[in-house]
1. What whole number of Å gives the distance from the Cα centroid of region B:190-219 to the Cα centroid of region D:151-181?
2. If a/c stays under 1.5 just call it rounded; otherwise compare a/b with b/c (prolate if a/b is bigger, oblate if not). Do that for chain B, with a ≥ b ≥ c from the square roots of the Cα gyration tensor eigenvalues.
3. Which order do A:T36, F:T90, B:T20 take by accessible area at a 1.4 Å probe, largest first?
4. What FRET efficiency, computed as 1/(1 + (r/R0)^6) with R0 = 56 Å and r the Cβ-Cβ distance, is obtained for E:L52 and E:S137, rounded to the nearest 0.05?
5. Percent of Cα-Cα pairs per 10 Å bin, from 0 to the last occupied bin, for region D:26-121, please list those.
6. Probe 1.4 Å, all protein chains in place: accessible area of E:V373 in Å², nearest 10?
7. What do you get when you divide the Cα radius of gyration of region C:1-97 by 2.2 N^0.38 Å, with N the number of residues?
8. At 1.4 Å probe size, what's the solvent-accessible area of D:M152? Round to the nearest 10 Å².
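The values are calculated or read from the model by the stated rules, or taken from the named source; none is laboratory data. Since we're looking at a predicted model, the values are computed, not measured. We place every Cβ from the backbone using ideal geometry, glycine too, and count neighbours over all the protein chains shown. For accessibility, only protein heavy atoms count, side chains too; no ligands or nucleic acids. Shrake-Rupley method; radii C 1.70, N 1.55, O 1.52, S 1.80 Å.
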Amino acid sequence: MADAIFLALSVITIGSAIAALELRSLIYGSIALMGTLGGIAGFFFLLDSPFVALFQLAVYVGSIAVLILFTVMLVKRELIFKKIEDKRRKFAGIGLMLVTMIALGSVFLDSGIKTITTDEPPVDFRDIGTDFVTYYWPALILMGLILAGSVTGALVLAKREDVENDQRTS
Amino acid sequence: MTAELPPGLALQKVDERIMTLNVGPQHPGSGHMRIVVQIDGDYIVACDPDPGYVHRGEEKMAEYRNYITNIPHLERPVIHDSCNVLYPYVLGVEELLGIEVPERAKYVRVIASELNRCIYIMYWLAIYGIFLGHSTMFMWPAGDRELLIDLMEKMTGARVTHAHFVPGGVRNDLPPNFEDVCLRQVNYFEKRIKEYAAVFYDNPILISRTRDTGILSRQDAIRLGTTGSVLRASGVDYDLRKKEPYDVYDELDIHTNVMKEGDSYARSRIPWLDMIESCKIIKQALQKMPKSGSVRVKLKPNPKGKNETVYKRVESGRGSLGCYVVSDSKPEPYRVKLSVPSFRNLIALPYLLKGEKLGNMPSVYWSLNYWPVEADR
Amino acid sequence: MTNELVDFALVSVALLGIGIYGLAVKRNFIRMLFAVEIIINAANLNLVAFGRFLPHSGGQTLALFSIAIAAAEVAVGLSLIIVAYRMYQNVDIADFRSLKG
Amino acid sequence: MSSDSKKPTPKPAAKKPQEKPVEIPAFEKGISDKIVEKFGDKIEVAFVKKDRVRINVSKENVHDVAEFIRDGLNYDHVESVSGVDYPQDKEIEVVYHIGSYSDSSLERQILILSTRAQREENPIPGNDATKLPSLRDIFYSVEFHEREVFEMLGVYFEGHPDNRRLLLPEDWADLPPLRKDFAIKGR
Amino acid sequence: MSVIAPNFKLSEFIKSLLDNAFWGVLLMVLVGIPAVMMVLFFIEMPVINGELLTPFLALTWLADPSRILPVVHAFMATDMFRVMAFPGFGFAALLAAGTIFVERKMLAKLQLRVGPFYCGKIEGILQLMGDGLKLISKEIIIPAKADKPLFWAAPVIFVGAAAAFVALIPVAPGWVVADVDLGLLGVFAVIGFFPIITILSAWSANSKFPFIGGIRALFQMVSFEIPLILSLLGVVILTGTLNLSEIAASQSSFPWIVFLPIGAIVFFITMLAELERIPFDLPEAESEIVAGWLTELSGMMYGLVQLGTYLKLYAFAALFVVLFLGGWNGPMIVPPFPAEILTDGIVMGPITAKIPGLPLFTQEMLNGTLWFVLKTVGVIFFILLPRGVFPRIRIDMLLNLGWTKLIGLAFVNIFIALGLLYAGVLGPGGLQ
Amino acid sequence: MGTATGIIRALNSGIKHIATKRFTLRYPEEKLKFVGDGYQFDPSTGVGIAGLKGRHMLFHDHCTGCQLCSIACEGVAEAIAMVKVPDEQTQNKKSIMPQIDYGKCVFCGLCVDACPFYALYMTNDYELSSFSKEGLIYTPAQLQVKPYVAQDSEIIISDRGATHG
């Protein structure tokens, strides 16, 4: 049963990843990106890590997708539907993609991981919490600082010099 | 002005960031007018009021009818305040025709006028409530208004367009037992409107929403020639019932409500205080009124006015309402001009809205005590 | 677990390839951000998959870190896009040449 | 240009003070005296009644007189601007009702300032000789009133910053409707 | 050109009825019954009383009331029943419909008017049905330049997301559609979907007022998600679990509102904002931006959004009950069932009535459901009440409230929870 | 905390009003009571006595066909037309009487004021709707009928609020 779900998820994920890059409308591209992110969350469920999966949903779909949609909607309407690319670069890109995929894929298939399966019980999400506050606590604090800094930086960057209040007529 | 484009059609070129919103005429927050609002983000950068959707040419119509038949249509601009709209015209015609009004009729006029003021303000308050998203404040005034409409119906026979004032007095006498019914209902009405404080006027959300928005300073209120509650909210103590008493207002004890702030909250609170004041005036007038006597001087058919001009004004529900009548010794007036308070207050709208947030637009707009139909006439 | 590790690894390779293609070909700033997101997610998938099959809690922990950092990266990237868009009224990176230097 | 204070027949209140020797209120008389003292025969006091003083001015002087009314007499706002059409005189009268909020002695007073503009038979609003100086720079509150007079009677106010239509529809192509030769249908 | 309704003719009316009946029977015989049989052929039919339930058998049993009972039993044990009927969609929709009715009548009472009165004879209880019929029969108008797929999809996805939210709510012990170990995190994930649906719907209408409304909804939802999540952390700290059923079960002696009143208040306010209820109904502020992001929706699309909104309202109220008010916990008020009722049925003289559902509905479950519904209705009352009392607030005041005051209060709440935990008063698993 | 007390006061006021009586006139079932049966004219003072300005009532034995009501209406609504009536009246030589079009009438009552012979009154019959425009035109014969309207509801004010009873 898991195989069918796995196949469906891979098709959704990869298909919507391609769609996200190739669809003409940026809005639909963003929606397809949400599909990719949701598909990845599905993979996480398959991998018995629901905590990461729900976190992925909450963070990516709940906030990042909103941010992206919001930015896209700020852009002029004709730019949303404009597709900018040139042919030669496209062929080069496809070549690069194929090279990467074939090389890495063959390495994976050739290596020993092909046979790895496991019957061990999945990691409990409480262990992750314990990890966070014991072993990784400096990293956690650092991450918090980075998040705060980046959000502040983003706000400072995106803040526009407001319309000065020369409102009142004289 | 360019000769090619008719005035009013010239389009301004605007920044791309600026979005033009047509608030009205089919918009829940505009009334019978259009406000062209240009917003930058959430801030209004420019505002152009465009009245005229309900222009009926009352002034032109008045030139074709004689002094008496002008009455039913001249009260149409504000049907909720119809007695007060008619009042200056009637006073002016009385001066032109040289009529002295009986004492009882003057009191009846004052009672009718104050009742009508309350009816108008209740309607205004209902719409102000719904503009602020307060549905209860729509329903309560709309319901309690019924008490006074019932009184007016007993008094004049009609619910809104009374056609009650005529040159020479009022149309008909008070019905028997009216004083008791009026006192009872006005007392209950006063108790009801004092209950609005807890839900509406002392509500912290309303206060924080309307305080310090759309501030009209004292100098500006005078300079822009605003009137009525807008003027009194800016700290100018000016009420025609006190300053230029007509009929019997000089015999009544009237207190003028003045607030210093000049913001939307003050502008919206003043009419409510006025209503409480009106209730007191009605009670006083009921007490002082002669218990019997004539209420109307019989006129000749088709009276002709003196060759004169008169300008009379009264304090209506929205402010000073003037009527300029030019007579040329014919049965019809040569020209009737209504100087209506809504039109005079409208000038403050673009001034107040500039730099305001879009969310403040309805509250500032409606706090001007503005009635679009009256401004269009 | 009926699925094998290599399946997940292959999916992640495919996503990585698509992301690289997008980065190489697209000139629209926002689309390039999409491509970066896809690559980051491919990496996350690998992290969790290997963590599941070892099994070790470190995989999920690292994935969580990565997701959080990605959120920060997207926020900064989008604000950069907004700034650049405001300056050039375009999303084509070819127009952003004068940013160089 | 025939709009000097030589008023033809239907000038209503001109003979009123003479025919009825009622006592002229002192305070109002003081106001009119001040204006007469300042401008002499450039103006004409049409009547002085209780609370109302009416002054007729030619259109060349209306700006100066209005300025004096604001600065010298403490009137501060215009309540109403009415246009009256007199086709038989070929003139359009524009009447300003000026009041005061800030001076407590003037609160019940209305100063009526009237001026006359030349009237044309075939008006092209804004482009013909029917023009008056705008008082908007003196009394800000005339802004919408003058716009209304412009569309209703075709009197163009020179110096008004925003002389657009206000009430009438944008595609109104008939006569200005408050002129006497614009007749209501069926009447 | 206006169309005047033609005069009514009885003969044409009867003819149209006959036509409809003819085509209906024809289509059912030619298409409907074969399709049903084909579908039934592929479905795994349950074994009842040792007999495989074939379509033929099922149809025979449908005609025999005494044999339906096992079918009902079998159906009530399925997941389908849970999703569609009891803790899931049907139950929530019923409560949502009740909410709409109560809202109308209560508001009418508060505003000194009558409210729905004539439809349904008794105080207008059928008004909602009438409104639904009206919405269904209305034409769906789509703006000419709208983005059609998104415009169509948004209301449906909105209802779907609301239903997913409902699925996470435990109603009685063991009665929950999706008993996820990380239920609360799931709630956060689901809540995150609503702003996206809103902004997509608003953008796709290609009109100014919906877009402004959508942007406002986005601001409001995103900025209030943070205090929402933070205010719930206190409960999570004290219970030590994210499973909603466990959180509800942990409050058997004290509801958490006793210890975390600040968290409850913050959650209640953020809940109002997430639900776009007055005083936070800025996205639909009709006096400023006609109807916000709902401006261009018409007919049943609007109806679907309203359905989703009220489902969401129920779900949030239920979440408040589960987290702060003790969920289904309460004194036993349902009398226990004697054993013979389950086996023999109720004997009333000569008549014996067998209640089909009873073996499934235990006493605990009925009692829990009763308490849950009572508490939820109470919370819904307090959600509805501000609509009659408060005006709408402004967007900058709203954002200010969310980002400064509520987040600060939520942190205070977290520190209270931590203090209780470290002082040893309370700990994971409830009162110790 | 002024804000908190204000909010609690508002909520309290709202909850209190749930127990207040409803103030709604359920119109087709209840009808508000009015003074008298219409607008009566007092010949001695020339002043109307209050009543409702509803549809008119014409006294055929008073009407002289002088057309004053029609002239009064000319500037207002032009709703009154003088029509021939078949019955012979001594005071009405021309046999013309007013016919009123309620599609145009604005119920101002000027015609009642204008009538020097007190033949035209207004009554409290305000339910004048009709399915056709012709149905709104009332002939002198129709105007003669004295209306009967069941109006009995009055505003009752008690401690728990006002109602229509």
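1. Between the Cα centre of region D:151-181 and that of region B:190-219, the gap is 39 Å.
2. Numbers: a/c = 2.11, a/b = 1.32, b/c = 1.60.
Oblate is the answer for chain B, as a/c is 1.5 or above yet b/c matches or exceeds a/b.
3. Working: A:T36 0, F:T90 115, B:T20 45 Å².
Highest to lowest solvent-accessible surface, that is F:T90, B:T20, A:T36.
4. Numbers: r = 43 Å, r/R0 = 0.77.
My answer for the efficiency is 0.80.
5. For region D:26-121, the binned pair fractions read 16, 51, 27, 6, 0 percent.
6. Answer for E:V373: close to 40 Å² accessible.
7. Values: Rg = 16.4 Å, N = 97, 2.2 N^0.38 = 12.5 Å.
In units of the 2.2 N^0.38 Å rule of thumb, it is 1.31.
8. Roll a 1.4 Å probe over it and D:M152 shows about 10 Å².
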